[in-house]
Structure formats: C-alpha cells, structure tokens
Amino acid sequence: MNIEHEFYESTGRYESFEGICLVDTFELAEAQQISFFSTENTARVERQKRSPIRVVIGNPPYNAWQLNENDNNKNRKYKVMDKRVADTYAKDSQATNKNALSDPYVKAFRWASDRIGDEGIVALVSNNSFIESLAFDGLRKHLEQDFDEIYVLDLGANVRKNPKLSGTTHNVFGIQVGVSINIFVRRRAAA
C-alpha cells in the first residue's frame with residue numbers, strides 16, 4: 001500500500017501495484033490464511049508462495065515482554081511457526097525458561113531461514129537479545145548450522161541492561177531494547 005501511495009504522491013495518479021500481497025507473513029505457513037481479502041490478493045499470495053525467494057529483508061516486531069495486557073501487543077499463536085521454533089531453536093536450547101523464543105522476531109528468523117531454501121540472504125533488523133542471552137542458545141546454534149556467513153552489527157542501547165542509558169534517546173529507534181542489524185548468507189552447496 002505504501003508503494004501505491006508513494007506512486008500517487010509522486011505522479012498525482014493512482015495505479016495499483018500488482019505485486020502487493022496483503023497477508024500476515026507467519027500465516028503463509030498455515031493451511032489457511034485470512035480469507036477477507038480480495039480474490040486478486042489471494043491469487044497473488046498463492047503465486048508468491050509458489051515462487052522462490054532468495055532475499056528476505058525486514059524489521060519484524062519484537063515484543064515478547066509486553067508490560068501488561070493493556071499494551072495490546074500480545075503475541076499471536078501460529079501453529080506451524082510455533083512448532084518450527086519449538087522443534088529447532090527451543091529443542092536445542094539448554095535454557096530452562098524459553099519464553100523469549102515466542103517473540104515475533106524469533107519467528108521471523110525461523111520463517112526467513114526456511115523460506116530462502118538452499119540459497120539466499122536474510123537481512124533483518126531485530127532485538128539484539130539473541131546475541132548473548134541463554135534462552136537463544138538454540139537459535140544461535142541453528143544460525144551457525146544453517147548459514148555460511150553471519151554478520152551482526154550490534155547497536156547496543158539496551159536500557160534494561162545499562163541503566164546509564166536511561167530513557168530512549170540512546171537507541172536508534174527511540175525504544176528501550178537493544179537493536180541489531182543482522183545479515184545471514186546461505187550458499188548453495190557445490191554439486
């Protein structure tokens with residue numbers, strides 16, 4: 001929708017962008033997606049699901065630790081994605097408390113890793129807690145196994161870990177959690 005709007009703002013005329021897919025990305029793995037979108041959108045989504053994707057770029061939400069129900073930011077359950085995270089990252093974790101693995105950015109790592117197939121690049125801006133926190137040891141293990149090159153730019157600024165940074169002025173997004181820019185590269189194995 002932003003593409004269509006920007007085109008309209010730039011040219012003064014509206015033209016639909018035929019590549020747009022209005023969908024919850026994590027629902028793509030489920031047997032049935034939200035059905036209230038147009039038949040044209042559904043057809044584009046089905047076409048996208050059949051198409052190879054070699055590059056995934058995004059800034060998934062990170063909200064595992066909402067302060068209370070009033071934040072209205074509760075994590076949704078996704079049967080297939082939650083099982084993929086449980087069968088990989090959680091299964092190979094030594095942590096006793098694995099609640100942090102329910103964070104949407106963790107699901108984004110899993111989804112993107114699966115979606116690029118045997119070759120591609122995943123570039124995500126995310127919470128940086130996966131870098132050192134024990135709960136993410138299984139995730140780190142799988143990243144190391146699944147990718148040939150891993151680049152992580154830790155921007156720091158986690159206010160909860162460093163009280164000297166109080167407030168949100170030290171963070172690139174004006175938030176209290178730390179942020180990292182992550183690029184994971186998978187190369188097709190030589191035949």
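The values are calculated or read from the model by the stated rules, or taken from the named source; none is laboratory data. Quick caveat, the model's predicted, so the values are computed rather than measured. FYI the Cβ positions are ideal-geometry reconstructions off the backbone, even for glycines, and counts take in every protein chain you see.
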Exercise for the section: Those residues that are of a type in the set (S, T, N, Q) and free of Cβ contacts under 8 Å to residues at least 12 places away in the same chain, I need them from segment 80-104; list them, please. Expected result: Thr96
Handout entry: Filter pass, Phe173 being modelled with pLDDT of 95 or more, farther than 30 Å from Ser51 by Cβ and either under 17 Å from the mean Cα position of the chain (by Cα) or not in a helix (DSSP H, G or I) (or both)
Key = no
Practice task
Could you list all residues from segment 1-29 that are under 28 Å from Phe109 (Cα atoms) and polar (S, T, N, Q)?
Solution key: Asn2, Thr25
Exercise for the section: Tell me, please, whether a residue that is within 23 Å of Arg50 (Cα to Cα), within 15 Å of the chain's Cα centre (by Cα) and part of a strand (DSSP E or B) can be found in segment 123-135. Expected result: yes
Completion exercise
Among (1) at pLDDT 75 or above; (2) surrounded by 10 or more Cβ atoms within 10 Å (Cβ to Cβ), Asn73 falls short only on (1)
Handout entry: Residue identified as surrounded by 12 or more Cβ atoms within 10 Å (Cβ to Cβ), within 23 Å of Glu119 (Cβ to Cβ) and at pLDDT below 85 among Phe37, Phe17, Phe26, Phe7
Key = Phe26
Practice task
Please specify each residue of segment 91-114 satisfying the condition of being buried (at least 23 other Cβ atoms within 10 Å of the Cβ) and not in a helix (DSSP H, G or I).
Solution key: Asp103
Problem - Residue among Asp146, Asp154 that is surrounded by fewer than 18 Cβ atoms within 10 Å (Cβ to Cβ), in contact with a Ser or Thr (Cβ under 6 Å, 6 or more places away or on another chain), charged (D, E, K, R) and modelled with pLDDT under 90 - result: Asp154
